[in-house]
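The values are calculated or read from the model by the stated rules, or taken from the named source; none is laboratory data. What you see is a predicted model, and the numbers here were worked out from it, not measured in a lab. Counting neighbours? That spans all protein chains shown, and the Cβs are built from the backbone with ideal geometry, glycine included.
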Amino acid sequence: MKRTALVLTAVLLLSACGSGEPADDRVKLEFFQFKPEAIETFDRIIERFEAAHPGIDVTQNHSPVAESAIRARLVKNDIPDVIALNGNGVFGELASAGVFYDFAAMPGAAGVSPPIQRILDDLGVYRRGERNGLPFSSNASGVIYNKDLFRRHGVEVPTTWSQLVAAAETFRGAGVDPFYVTLADAWTTLPTFNALAANLSPPDFFTRREAGRTTFAEAYPPVAARLGELFGYGQRDRFSRTYDDGNQAFAKGEAAMYLQGSFALPAISGFEPDFDIGTFALPAGEDPSATRLVSGVDVALTMAREPEHPEESLAFVEHLMSPEVMAAYAEEQQAVPPTVDAVSDDPALAGLMPYFERGRLTGYADHHIPLTVPLEQFLQQYVIDGDQAGLLRRLDSEWDKVAARRS
Amino acid sequence: MTTARTFYWMVIPALVLFLIFHTLPVLQGFYYSLTDYPGYGAYEFVGFRNYASLFQDDRILDAYLFTFQFAVVATVLTNAIALAIALGLNARIRFRTTLRGIFFIPNVLAILIVGYIFNYLFANSLPAIAEALGITALSTNILVNPDLAWLGIVLVATWQAVAFNIIIYLAGLQTIPGDVREAATVDGAGSWRQFRSIVFPLIAPFFTINMVLSLKTFLQVFDHIVALTNGGPGTATTSVSLLIYTGGLEGGEYAYQTANAVVYFLVIVAVSVFQLRVLQRREMSA
């Protein structure tokens, strides 16, 4: 009896294995990407690629917690063939650990604008001169604004800090919330922090900080002060609103401005606002010609250091990096293609395009701060309690502790 | 002989699974805590440097302080409330079985789901109610107040944990023979006197088990915090487990936080042993 049961189980198991799909000798590639809002766009790109390469079958895989997911896959040494990640500090740490391919020899990367490639390389590479990722699309962090509210209250787009504060006062006086602030998600402090840090702190701050020749307490008081001031113009329940709440509320016209990156635009459009959306670079100082726009690599492409199917994976990367695909992606996702002649005719991005055209771009300051320093939590706490000296002291002490642990 | 063999067969598979899925990873973790492994890529052996850094890290100290404060308050509240409800549910009242079922429900709900529902209540419902009643102190979300957020977590944790403790106390109360209490009633002991001198001493072992298990569980608090505050506002509600997770898996300091986990494991063992010994001594003397 027992033996019969065993045999039966074995037969069932075997037949389960055997009855798969008919044999498919196409090379299977896994494409891992982190943007839930771009799934359909990537599906269309893959479809076109497969039509041109009948021997390759690409499967898209996405995770809402992509950075944790990719780490777990790396631990198991099970690396997806082609990977699309946000070009942030995590990307830099992974690249420095030597788990990504070196694209330095790839000719297809030629169309990419050098300053944008540099922003990605600066995050970290395994060895000097390597190129561990390719920028697929760029974003920009500035101010998103409601053109109708600006027109109705006679407010011009501000180009200096004092004009920005005056605009906020005008809206507040008229009973309109100047900014929609979403502090329940601590990271939403970062776009503003980056814009202020890029324009108000010395350009070589992080090199000098690493050498121990300066401190946050010395160089960052203006950044912290203006960050606190701006967030003070947020709506009443700003501490308990999340990023999703913010996109929805801004789309409903509940505030005049929204301190977010261009990556929030598709989400806002999803709520079908009945007004025109505009963007401008956050004017951190009094000289409009000195303002630089914070731009990062929204989607960076990479592959495993030792790919299982090098030829096929490279073919897919080359397809993604072709100017037509990049332009089509950028149009659908309201992003900026990272190519030399980057243009976007999206009216919502028009306010930022001059900065791209003139190359007045700068990277994200927070990417230079080790991930283990809870920067966003510290900023969130500071915006709530207003303790500026405490914020800068904590940043310095965390920085020193991490440096000591890693030396 | 055959019965002994049967018993071995009952024990050994579980032992093997325990060793493979628990003990082995613990030893592996201890090994990684002696390296600078970020979770992927290459690493080097660094000896006890991670442990030395741990003791100079004020974030770790803050997390320990928060976790112990939370765990002690939640343990006391959970046990006091659970014992009171268990006494009520053990008395001869109407709908006793139905009520026992209702009070057990929180235990079968997933903490994450409960947490997200409470998160919504704290963010939207509670402020609206408080505003309507004119209580300004509660008219903003308490989870975004660095001084009050931990109370929100205590509330949810207690609400959820009471259910299980009630069951254990009820089981304990049912071991008390009816004639003991009858004799006490005949001798003229009031209900408080009966509780203090008869009921509580008789269920002391159950009290011990509940206290030890609650404190241990609350010291490992994680899900509640992820669902309610994610460690914020700022770092006000970052528990040790959450810090190990965020620093180790998101912050790229896997080895360093593994060292923290090893130390925390030893701390929890020490606390539990200490607690068991004190409470068992009290059981004897009672």
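The table for this structure:
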{"quantity": "Counted residues, region A:206-225 - those being without any contact (Cβ under 8 Å) to a residue 40 or more places away in the chain, assigned to a helix (DSSP H, G or I) and not acidic (D, E)", "calculated": "5"}
{"quantity": "Residue in region B:201-223 that is of a type outside the set (S, T, Y) and closer than 21 Å to A:A69 by Cα present", "calculated": "yes"}
{"quantity": "Pick from region B:133-149, criterion part of a helix (DSSP H, G or I) and within 14 Å of another protein chain (Cβ to nearest Cβ), ranking: surrounded by the fewest Cβ atoms within 10 Å (Cβ to Cβ)", "calculated": "B:T136"}
{"quantity": "Region B:40-91: number of residues that are in contact with a Lys or Arg (Cβ under 6 Å, 6 or more places away or on another chain) and more than 30 Å from A:V402 (Cβ to Cβ)", "calculated": "1"}
{"quantity": "Set B:L83, B:L61, B:L87: member being within 14 Å of another protein chain (Cβ to nearest Cβ), at pLDDT 90 or above and more than 16 Å from B:V156 (Cβ to Cβ)", "calculated": "B:L61"}
{"quantity": "Checking A:R241 against (1) surrounded by 22 or more Cβ atoms within 10 Å (Cβ to Cβ); (2) of a type outside the set (V, I, T); (3) more than 14 Å from chain B (Cβ to nearest Cβ), the condition it does not meet", "calculated": "(3)"}
{"quantity": "Elements of type helices (runs of 4 or more DSSP H) in region B:14-103, at least 2 residues being exposed (fewer than 15 other Cβ atoms within 10 Å of the Cβ)", "calculated": "B:24-32, B:58-90"}
{"quantity": "One residue from B:V221, B:V262, B:V240 being surrounded by fewer than 22 Cβ atoms within 10 Å (Cβ to Cβ) and either modelled with pLDDT of 90 or more or more than 14 Å from chain A (Cβ to nearest Cβ) (or both)", "calculated": "B:V262"}
{"quantity": "Qualifying positions in region A:316-364 - over 30 Å from A:L29 (Cα atoms) and assigned to a helix (DSSP H, G or I)", "calculated": "A:P347, A:A348, A:L349, A:M353, A:P354, A:Y355, A:F356, A:E357"}
